[in-house]
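S.K.: The structure follows.
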Amino acid sequence: MSVLLKQFYGNHPLVVLWFFLNFSFSILGVQTGPGLVLHGLGFLFLIMLNLKTGWGVLKRIKPVIYFFPILIIFYVGFSLLFSNSSLEIIFKEVGFGFIRLVLIIGIMALYYENTVQQNLLSVFRSIWMRFNLT
């Protein structure tokens with residue numbers, strides 16, 4: 001993990017996990033285009049802090065981008081069959097859903113790329129101890 005990323009959100013693996021999960025969940029709550037743009041800029045800022053893992057994140061997003069047209073066909077087909085929504089509304093929902101999905105996968109891929117395997121074990125151990133799961 002780069003020094004800039006450590007300065008940005010700390011060293012403890014549980015804090016880093018909390019940061020990335022909250023960032024991912026905040027994307028789900030955004031209902032407007034400018035909000036998604038701000039989250040996208042935040043994601044790009046995190047990638048710019050550590051360009052080495054940025055390529056690994058892009059490799060993890062690529063299969064979703066390849067698979068997404070198939071999902072669009074199914075979603076549009078079922079939406080036309082089972083809802084009264086217009087094509088404009090359906091494609092707007094598809095666009096927002098695609099951006100959200102790519103951002104969430106990208107953010108969690110960035111977390112996974114930046115986290116050493118030992119830190120993942122520390123996260124689970126910290127959660128285990130925090131909630132007294134014995």
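The values are calculated or read from the model by the stated rules, or taken from the named source; none is laboratory data. Small disclaimer: the values here were computed from a predicted structure and weren't measured. We place every Cβ from the backbone using ideal geometry, glycine too, and count neighbours over all the protein chains shown.
S.K.: Residue check: is Phe19 assigned to a helix (DSSP H, G or I) and either modelled with pLDDT under 90 or within 21 Å of Val94 (Cβ to Cβ) (or both)?
M.R.: When the stated conditions are applied, Phe19 passes them.
S.K.: Got a sec? Which helices (runs of 4 or more DSSP H) wholly within segment 29-134 have at least 3 residues that are out of contact with any Gly (no Cβ under 6 Å at 6 or more places or on another chain) and of a type in the set (Val, Ile, Thr)?
M.R.: 51-82, 87-114
S.K.: Right, another one. Where residues in segment 59-96 are over 20 Å from Gly33 (Cα atoms) and among the polar types (S, T, N, Q), which of them is surrounded by the fewest Cβ atoms within 10 Å (Cβ to Cβ)?
M.R.: Selected residue: Asn84.
S.K.: Go through segment 115-125 and give me each residue that's within 15 Å of Phe19 (Cα to Cα) and at pLDDT 70 or above.
M.R.: Listed by number, the residues that qualify are Thr115, Val123.
S.K.: Need the failing condition index for Leu49 against (1) surrounded by 11 or more Cβ atoms within 10 Å (Cβ to Cβ); (2) at pLDDT 85 or above, just the number.
M.R.: All conditions are met except number (2).
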